[in-house]
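Below: one structure, written as structure tokens.
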Amino acid sequence: MNVLLMHPDRDFDLAQNLPWNAQNLVEDLDLNTLFNTMAQKDQWLFDVARTSVLSSLTDPNTIQYRQHILQDCLKNPSTIRNLYGIATESMQEERKIYFGIFNSPSSVLYRSVQVLELFVRMLKKLANIAREEAEKFESEGFAQFFAMLIKEFDDEYFASLNTRLNDLRFPNGMLISAELGDGNRGTHYILRRPHDVHAGWIHRLLAAKSLTYTYSISDRDESGDRALSALRDQGLNLVANAAAQSADHILGFFTLLRTELAFYLGCVNLHEQLTDRALTACFPLPSGPEQRCHHFNELYDLCLALRAEPAPVGNDMCAENKELIVITGANQGGKSTFLRSIGIAQLMMQCGMFVPAASFCANVCDHVLTHYSRREDTAMNSGKLDEELTRISEIVEHITPRSLLLLNESFAATNEREGSEIARQILSAFMDTHIKVFFVTHLYEFAQDFYNQGRDIVLFLRAQRQDGGERTYKILEGAPLQTSYGADLYHRIFAGTPLRPGVAEHGSDNAVPSGS
Amino acid sequence: MSVPFKSILFEKPEDHPLHDPMDSETPDFVTDLNLDQIIGALTANREEYHLEPYFYTHLTDIRTITYRQEVMQDLEAQNLSVTIGLFSHKMRTMRHYLDQEHKGYYKHQTERWFLDAIETYCTAVVDLVQKLARADLKSRGLIEFRDYLRNYRANPEFLSLWEEAQQLKADLAAVQYSLLIKGHRIQVQRYGGEVDYSAVVQDTFSKFKVGTTKDYRVQLARGVDMNHVEATILDLVAQLFSEVFTRLDNYCAAHRNYLDGPLALFDREIQFYMAYLEYMAIFKKAGLPFCYPSFANPGKEVHSYEGFDLALAHKLLAERASVVCNDFYLERQERIFVVSGPNQGGKTTFARAFGQLHYLASIGCPVPGREARVFAFDNLFTHFEREENRGDFRGKLQDDLVRIHEILTKSSSSSIIIMNEIFTSTTLQDAIFISEQVMAEILQQDMLGVCVTFIEELSSLSDAIVSMVSTVVPSNPAVRTYKIVRKSASGPSYALSIAEKHRLTYDWLKERIPS
């Protein structure tokens, strides 16, 4: 019995190890906003959303398998909610059936029979939904799932389940076999199914001839009574175990069903929120990991859009065969937001979701890695550089050539010359190993150096600044500039404060040749 | 008939009175050299054998020492520790069964424990004979023991003891019965081949089965003893299968005194070797060498290469720290190592290692190091600083002098002396004077030993003295190497780019990132 809605060939593992940098991704890309919107206060949905978004698929076929299932879900939201409700109720009701105070095989058996009876009722509900709704679903995943329910759960099977559950109350006494163990003490107690009373005459004849001794425990023999129930427990141990394990297996099925549906229900929730806010979404087109492409229209930072009005600015990019995208330009010009939108879209695509854009196509990658300068501390000391490089080194421990690395103002913890030199060495090595890197930087010396090299696998983007310092938050192709317009920022914040003599503004759009 | 076998530890046990630390005080050197820790580790988990007397009795005759070395070498070379381990395990199981028999209350029960004890004993003997037969033994001890054991096992009395036990066990194992429990009534009958009910249940729900799940079998706490219901059922089972139970009864009555004396002693004594081999394995696994020492006697040209302090190494290995080995040698007229140099540099460890080496060699054991030649001593004396009398300097100096005097009156030219930072509780001048006097007496007696001291003058008193010095890393005098080297005592002696440190240069990265 499998669900197979998350993978065509295996179960979704909610307990799987998340990537080593999961926490960094959540912080750097503000993913909790995404998870919370998907969860709508359901902790189970949150957990599943978190695990599925963070553990990317790398096979474009599996991504499309999920995309098709998700399209079915967006068309039939109430059926998805019903199925999820049955799985949830099964798990919650199971938890309300208590184990006895004493952990004995008879109490284990008693509880297991109750749980099994509950599950049989729930399975009937599932089978009914399958029979009524199956034709409304088109995806391969759902077609198989409903067909499986219809095939496995016919009336005959339900009848045999009821008989078995009734037998487990032992109306005719218990037959237990035993052998002599240590010190000739009885051992290996196994509950046996008595020979059918309607069996052949030979059986009955043999049974009648065997020698039998009978022993009755007197009514007032309390220790004898305890000894007898201990014997019964010895006999019931394996059967109780089998019943409890069977109940667990069915619970496992409901848990898996709830888990796999949770991902899609989360996506349905998110989609409803986007629709409410009139935000665009599209199903992305994933390409193979060997390719290097990144094209999109109207890509926006989803988490920012969910948290703030008005809707953020969308960006377009067309990067074919680019391995390094260097983003320079004005402070507060939207560079970090742009970088975040790249990361979020990549993760959403690689878990089978729609993405926040009008169109989106990118190659899949093994890992999404982020390195954000810890901005709160801008002191230039070797301790800070040491901390930054420790994190870079950690990334290098895990990186593969098919990774996507987002660097946000890395190597800024030292002066520009040293920072540029470190950046030059590290980025050169990354390029030589074909790692796809988006690098937001103020390191002009580095950026200009790479720009001058004119390698066609490098793309230069720049945050747009209009004359007069207005930010449009648009990221456009453009050569690096020697200032990041800190002066603009200064002027805005220190509005009305006269410049002290000797501090001259330097750098403008005209100071260096424009590359685009 | 062969001569009865006496002991695997002594050729002539009568010549060696054992020193039991339970009965008398142990000499100072035991704690000074941390031998108590070593012996503690050796005897841990082997309390039932009471091995302390063997480890605390040092041997002075090289013939007995060699007798043990041979046995130990046989055990090691023939990989017999598994064989002996199995034998000991069976003997322990046998004793456990006898305990159960002793505690039991119902006849059908105690007789079964007794049967199991005998059967376990017999297989222990049979296995051991078979495995020893295949071993290419060289030691006098094990060869004689093997001859003895082979004769014992071939004896018709032993053969019938063993065969009957096996037959009884097989017959009892074949007993299968069933209980039909309804209300307060139990019907006991022979088992009639009915099917396992749990399989029926599993089968019903098999389509849900995925992987493994929790085990719900309850650990049913059965009383240690059989209760009266179980005993009554056993009585009924005994009636259902009366022939087997009658034979069991007769067998037990006939074989009350089955255990062989010399074999029981072997079971205990062989643990001396087993304990040491097991202990040694910890160090060997960490790459630390052991060797069988040769003896320099009557000469004193001792040496040790890659030796180490066992007690310290045991602690360091537990902490996953590395162990430093040291070498030493004495030639011609050389007798005493005077060890000086920076504190915390391994001087005391060196002195202890020297003492441990000699003690362990004297009880016939392999010693730490790649190669060693030692001296078989009559007495081992240690003079280590005592913690008591702190603050009362005069008292302490006096105590030091009393102790050294006592040592020098008992010692002989065959003794070993190890002194550690003595006479620290007086002025330097006094310390030099007293030390020189004491050293002169030691040299006079022609003793072998080590003297750890801060008094560098002692290292050049005589050509019988060899100066050893603890060393530091030349570029950073704060770092100790724990190496003690043979040299004359004399006075003492950081920016890679951060990217380089993090291995983040271009060249490093090309190496680190898989392609």
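The values are calculated or read from the model by the stated rules, or taken from the named source; none is laboratory data. Everything numeric in this text was worked out from a predicted model, so none of it was measured. Glycine also receives a Cβ, built like all others from the backbone with ideal geometry; neighbour counts cover every protein chain displayed.
Whether any residue in the range B:150-159 is more than 7 Å from chain A (Cβ to nearest Cβ) and either basic (Lys, Arg) or within 30 Å of residue A:164 (Cα to Cα) (or both) is what I want to check. Within the range B:150-159 (the criterion being more than 7 Å from chain A (Cβ to nearest Cβ) and either basic (Lys, Arg) or within 30 Å of residue A:164 (Cα to Cα) (or both)), the answer is yes, since at least one residue qualifies. Residues of the range B:176-189 include at least one that is at the interface with chain A (Cβ under 7 Å from one of its Cβ atoms), within 21 Å of residue A:194 (Cβ to Cβ), loosely packed, with under 14 Cβ neighbours inside 10 Å and not β-branched (Val, Ile, Thr). The set of residues from the range A:294-317 being more than 23 Å from residue A:466 (Cβ to Cβ) and in contact with a strand residue (DSSP E or B) (Cβ under 9 Å, 6 or more places away or on another chain) comprises A:294, A:295, A:296, A:302. Screening residue B:455 on (1) on the phi > 0 side of the Ramachandran plot; (2) in contact with a strand residue (DSSP E or B) (Cβ under 8 Å, 6 or more places away or on another chain); (3) modelled with pLDDT under 85 shows it passes everything except condition (1).
When each of A:30, A:42 is tested for being away from chain B (no Cβ under 14 Å) and modelled with pLDDT under 95, the lone residue that passes is A:30.
When residue A:315 is tested against (1) surrounded by fewer than 22 Cβ atoms within 10 Å (Cβ to Cβ); (2) in the same structural domain as residue A:409 (by TED's automatic domain parsing), only condition (1) is not met.
Residue by residue through the range B:1-42, note down the ones that are assigned to a helix (DSSP H, G or I) and either crowded, with 20+ Cβ neighbours inside 10 Å or hydrophobic (A, V, I, L, M, F, W, C) (or both). Those that are assigned to a helix (DSSP H, G or I) and either crowded, with 20+ Cβ neighbours inside 10 Å or hydrophobic (A, V, I, L, M, F, W, C) (or both): B:29, B:30, B:32, B:35, B:38, B:39, B:41, B:42.
Looking for something loosely packed, with under 14 Cβ neighbours inside 10 Å and within 14 Å of chain A (Cβ to nearest Cβ) - is there at least one such residue anywhere in the range B:161-173? Taking every residue of the range B:161-173 in turn, at least one turns out to be loosely packed, with under 14 Cβ neighbours inside 10 Å and within 14 Å of chain A (Cβ to nearest Cβ).
Residue pairs whose Cβ atoms lie under 6 Å apart, separated by 6 or more positions or on different chains, with the first residue in the range A:447-467 and assigned by TED's automatic domain parsing to the domain that holds residue A:292 and surrounded by 18 or more Cβ atoms within 10 Å (Cβ to Cβ) and the second part of a helix (DSSP H, G or I) and among the basic types (Lys, Arg), are A:463/A:335. Pairing each residue of the range B:291-311 that is closer than 20 Å to residue B:63 by Cβ with any residue that is in a helix (DSSP H, G or I) and among the small types (Gly, Ala, Ser), provided the two are 6+ apart or on different chains, yields C-beta distances under 7 Å for B:293/B:361.
Mind checking whether some residue in the range A:16-25 is closer than 28 Å to residue A:246 by Cα and under 11 Å from the mean Cα position of the chain (by Cα)? Yes, some residue in the range A:16-25 is closer than 28 Å to residue A:246 by Cα and under 11 Å from the mean Cα position of the chain (by Cα). Among (1) loosely packed, with under 13 Cβ neighbours inside 10 Å; (2) over 23 Å from residue B:350 (Cα atoms); (3) at pLDDT 75 or above, there is one condition residue B:494 misses while meeting the rest; what is its number? With (1) loosely packed, with under 13 Cβ neighbours inside 10 Å; (2) over 23 Å from residue B:350 (Cα atoms); (3) at pLDDT 75 or above applied to residue B:494, the lone miss is (3). Condition test on residue A:240, is it assigned by TED's automatic domain parsing to the domain that holds residue A:95 and surrounded by 21 or more Cβ atoms within 10 Å (Cβ to Cβ)? Here the answer is yes, as residue A:240 does meet what is asked. Quick one: in the range B:198-233, of everything that is outside any loop (DSSP other than H, G, I, E, B) and over 18 Å from residue A:245 (Cα atoms), which residue is nearest to the other protein chains (Cβ to nearest Cβ)? Within the range B:198-233, the match that is nearest to the other protein chains (Cβ to nearest Cβ) is B:229.
Taking residues in the range A:109-126 that are more than 10 Å from chain B (Cβ to nearest Cβ), and partners anywhere that are of a type in the set (Phe, Trp, Tyr) and part of a helix (DSSP H, G or I), the pairs with Cβ atoms closer than 7 Å and at least 6 places apart or on different chains are A:120/A:158; A:124/A:158. Just one residue in the set B:112, B:140 is more than 14 Å from every other protein chain (Cβ to nearest Cβ) and among the basic types (Lys, Arg); that residue is B:140. Can we say residue B:209 is in the same structural domain as residue B:365 (by TED's automatic domain parsing), crowded, with 16+ Cβ neighbours inside 10 Å, among the charged types (D, E, K, R) and modelled with pLDDT under 95? No.
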